[in-house]
Amino acid sequence: MWQAVKEAIAANENFVFCTHRDPDADGVGSEMALSLALRRLGKNCVVLNCDSLPDSLSFLDPDRTVRGFDTMSAEQSSRLLDEADIIFFLDASEWSRLRPMDKEVSSRAHKVICIDHHPVEQPLTDVSVIRVDYSSTGELIFELLKDMGLPLDGGVAFSLYTALVKDTGCFRFDNTNERVFRMATELCTYDEVRPSYVYDRLFERSSIAGVKALGKVLKTLEFAYGNRLAHISLTNEIMDQTGATLEDTENFVDVIRALDPVDLCIYFRELDSG
């Protein structure tokens, strides 16, 4: 499934990497891992995301290489995208997930390669790789690097492990399988990969504003179907009252996921448009 992607990498020198708005550890970890690996091949790589990297994910980019579309002029972002031979869109497969730079990227669709594990009706481009049987985009990037015969290093392994841990819920979700554990085992052979540190950064950190927002969100908790369905709502009013950011609220659904006998959780979030 990687032949067209490998040919594109071999034939080109300039790459831009992006992931969905409100980035998470799978998207950022995947783009960091692939860009680090291609830099070792002498390729020119730029990570350009819709949003600047949130503080909660800054540990994935200690050298502060990730650029934010929200902090750049239109001329700067257009120049970077024009100079790119290939644009990798990772961990999402809908143009709308790239807002507000969706039109900038979709207008250059002829050089976009999408790699994702979420279900989609139609791949964005012919060379896109969409595999819903994979736990994470990080797992797909791991397979790509293996297929290319590229040896990993500590930085790549750390980024991939973080992506894997995030989208498997630290190996708690149904997408955890033998293949996932084999990948995790190999990545943990690198000194840079410390499972306790990754878990702490992803699941054990909360801001005061985030805790205040959680308290208000839990007041919206409702049940249906004999308590088998639970749902919560995050409104713009709550965000304004508490000063919380979207990164502060990302794991709220995990709180109600643990409730018994809940089988399905829905987390409603109000968009800027209402």
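A few remarks follow.
- Compactness of region 124-202 was expressed as the Cα radius of gyration divided by 2.2 N^0.38 Å, which yields 1.09.
- Cleavage-rule hits (trypsin sites (Lys or Arg not before Pro)) in region 151-199: DSSP loop, at most 13 neighbouring Cβ within 10 angstrom: Arg172
- Computed over Cα pairs, the Kirkwood radius of region 193-234 leads via Stokes-Einstein (1.002 mPa s, 20 °C) to a diffusion coefficient of 171 µm² per second.
- Extension gain, Asp55-Arg79: 0.36 nm per intervening residue step, less the Cα-Cα distance, totals 6.0 nm.
- Estimated distance in nm for a label pair at Arg99 and Thr65, the labels positioned 7 Å out from Cα along Cα-to-Cβ: 3.1 nm
- His118 accessible area, 1.4 Å probe, all protein chains in place, Å² to nearest 10: 70 Å²
- Relative contact order computed over region 157-274 (Cα-Cα under 8 Å; 6+ residues apart), in percent: 22 percent
- 3J(HN,Hα) from dihedral phi, region 51-67, Karplus parametrisation 6.51/-1.76/1.60, rounded to Hz, x for glycine, proline: 10, 4, 5, x, 4, 5, 10, 4, 5, 7, 9, x, 8, 6, 8, 6, 9
- The Cβ shell under 11 Å around Leu234 holds other residues with a net charge of -2, Lys and Arg each +1, Asp and Glu each -1.
- Accessible area (Å², 1.4 Å probe, nearest 10) - Glu94: 100 Å²
- More than 17 angstrom apart: percent of Cα pairs within region 33-107: 48 percent
- Taking Cα atoms only, the orientation of helix 208-218 departs from the longest principal axis of the chain by about 60 degrees.
- Computed in the context of the full set of protein chains, the accessible area of the chain at 1.4 Å probe radius has 48% of its extent on carbon or sulfur.
- Cα-based helix-to-principal-axis angle, 137-148 vs the chain, degrees rounded to 10: 20 degrees
- Look at where the Cα atoms of region 248-274 and of region 182-225 average out, and the two centres are 14 Å apart.
- Cα pair distances exceeding 22 angstrom across region 1-75, given as percent: 26 percent
- Of Lys43/Lys103; Lys43/Lys166; Lys6/Lys43; Lys6/Lys103, those spanning more than 21 Å from alpha-carbon to alpha-carbon: Lys43/Lys103; Lys43/Lys166; Lys6/Lys103
- Environment charge at Asp167 (Cβ cut-off 10 Å; Lys +1, Arg +1, Asp -1, Glu -1): -3
- Whole-number accessible area per residue in Å² for the chain, which is evaluated in the context of all protein chains at 1.4 Å: 49 Å²
- Of the trypsin sites (Lys or Arg not before Pro) in region 7-87, those whose Cβ has at most 15 other Cβ within 10 Å and which sit in DSSP loop: Arg40, Arg64
- The chain pair-distance distribution - Cα-Cα, 5 Å bins, rounded %: 1, 5, 12, 16, 18, 17, 13, 9, 5, 2, 1, 0
- For region 223-274, trypsin sites (Lys or Arg not before Pro) are listed when DSSP marks them as loop and at most 14 other Cβ atoms sit within 10 Å of their Cβ; the list is Arg228.
- Per-q log10 I(q)/I(0), region 120-274, q = 0.08, 0.21 Å⁻¹ (Debye; single scatterer per alpha-carbon; no solvent): -0.32, -1.24
The values are calculated or read from the model by the stated rules, or taken from the named source; none is laboratory data. As the structure is a prediction and not an experimental result, all values here were calculated from the model. Backbone-built Cβ (ideal geometry, glycine too); neighbour counts: all protein chains shown. Ligands, DNA and RNA are stripped out before the accessible areas are found, and what is left, the full protein with its side chains, is counted by its heavy atoms. Shrake-Rupley method; radii C 1.70, N 1.55, O 1.52, S 1.80 Å.
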